[in-house]
Amino acid sequence: MLLTRTLPALRSTAPAGRLYLRAMSTSTEPLVLSSRSPNNSVAILTLNRPKALNALSSPLFDQLNAELEKADEDDSVRAIVITGSEKAFAAGADIKEMKDKEFAEVYKRNFLGTWTKIKDIRKPIVGAVSGFALGGGCELAMSLDLLICNSRAVFAQPEITLGIIPGAGGTQRLTGLIGKARAMDMVLTGRKIDGKTAEAWGLVSRCVGDEENVVEEAVKVGETIASFGRVAVQAGKEAVNASLELPLDQGLRLERRLFQSLFATQDQKEGMGAFAEKRKPTWGDK
Ligand code: CAA
């Protein structure tokens, strides 16, 4: 079985060959568990508040940011997977933490401001979503680079039912991904959609079938990315993300400059040389 050796907190309760996520947690355990894929190239970060359906409390988010920064700095990590439990990727920001907060406090302390740190991570991050991805959970998922979910995934922005609106990208990223009409439907009615619908609407990259394990699929995607040269991977991520913020002419210029600059790398010589010589390339990441 692919991941049982590397994910101590996840137990298989399923027939051989399938990994089911059931995080076993005690109050002293970290709120984010860190492990590695079998070939060590992918860091797997597992949100670990299963009893609270991985509600994204401030301490949990701080730990997630710290683990992400650690993985970004670690040269042996070439891609990152973020996942939750089988029942919940994350059921949103922690409502019990938020319910008594006042405007002055959340404004002065820039509440949720640290959630945007994920944007600074240079390595690709793949989300593996099973179960609830609600409110902040859906927003966290959308802030990752690629999303794999299963048919049991449930995406929604239910903030309207709490007397608020999404505060971590739910109106901005969702609209870019699925369009205004569907985003309005989700934000103003709290409509829930399943994994297959999320795939059809372009919210996720792939929705895997019931016979497949979503974390294993996400790790496979991470390992594929990890098998390529790091400089080109980082440039690809930077260029795609820039398209979300730049007008087309500036985006095209940035893309062309990044493309041209890759001709200064050994990996470009190696990749094209290996193609011409009909051999497998060996990346030096420089
Ligand atoms: N915050 C805090 N605790 C949460 C939570 C959340 N977002 N979601 C679930 N929990 C807790 C529940 O309070 C419960 O705790 P107790 O056992 O101590 O009572 C535990 O997790 C299990 O939850 P349920 O008993 O409710 O489980 P369920 O299977 O019956 O229902 C659910 C699951 C439909 C996801 C339901 O828990 C729910 O609706 N959760 C809230 C979802 C939500 O509104 N999210 C948006 C939050 S606001 C936000 O995220 C703002 C933003 O833009 C960042």
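Readers should treat all values here as calculations from the given coordinates under stated rules, not as data from a laboratory. Keep in mind it's a predicted model, so treat the numbers as computed, not measured. Neighbour counts are summed over all protein chains in view; Cβ atoms, including those assigned to glycine, are modelled from backbone coordinates with ideal geometry.
Some points to look at:
- A crude spin-label estimate for the pair TYR107 and GLN234, with each label 7 Å from Cα along the Cβ direction, gives 4.0 nm.
- FRET efficiency for GLU277 and LYS51, using Cβ-Cβ distance with R0 set to 51 Å, rounded to 0.05: 0.35
- Cα shape, region 74-152, gyration tensor, a/c 1.5 rule: oblate
- A straight chain from GLU270 to SER58 at 0.36 nm per residue would run longer than the Cα-Cα distance by 71.9 nm.
- The reciprocal of the average 1/r between distinct C-alpha atoms defines the Kirkwood hydrodynamic radius, which for region 151-264 equals 16.7 Å.
- Applying 0.36 nm per residue to the separation of ASP210 and THR116 and subtracting their alpha-carbon distance, the gain on full extension is 30.6 nm.
- Estimated dipole of the chain in Debye, rounded to 20 [Cβ of Lys and Arg +1, of Asp and Glu -1, Cα centre]: 280
- Gaussian network model of the chain, springs between alpha carbon atoms under 10 Å - residue of LYS220, LYS269, LYS196 with greatest fluctuation: LYS269
- Each part reduced to its alpha carbon centroid, region 38-59 and region 227-260 end up 29 Å apart.
- 20 Å cut-off, amide nitrogen to a point 7 angstrom out along THR28 Cα→Cβ, residues in region 48-64: 48-51, 60
- Along the chain, longest interval not containing exposed GluC sites (Glu not before Pro), exposed being DSSP loop plus at most 16 other Cβ atoms within 10 Å: 103-210
- Interchain or long-range residues, amide H under 5 Å from ALA55's placed H: ALA91
- Most fluctuating residue given options GLN63, GLN250, GLN172, as computed from a GNM of the chain linking Cα atoms under 10 Å: GLN250
- Between LEU162 and ASP72, the FRET efficiency estimated from the beta carbon spacing at R0 = 35 angstrom works out to 0.60.
- Taking N as its residue count, the alpha carbon Rg of the chain over 2.2 N^0.38 Å: 1.03
- The chain - mean residue ellipticity at 222 nm from DSSP helices (-39,500 (n - 2.57) per run, n ≥ 4, rounded to 500): -11000 deg cm²/dmol
- Quarter the surface of the alpha carbon convex hull of region 230-277 and you get the mean projected area, 3.4 square nanometres.
- Selected from LEU177, LEU68, LEU146 as most flexible by GNM, with the chain as the system and alpha-carbon contacts under 10 Å: LEU177
- Restraint check, LYS237/LYS269; LYS196/LYS220; LYS119/LYS280; LYS99/LYS180; LYS70/LYS237; LYS96/LYS119, Cα-Cα greater than 25 Å: LYS119/LYS280; LYS99/LYS180; LYS96/LYS119
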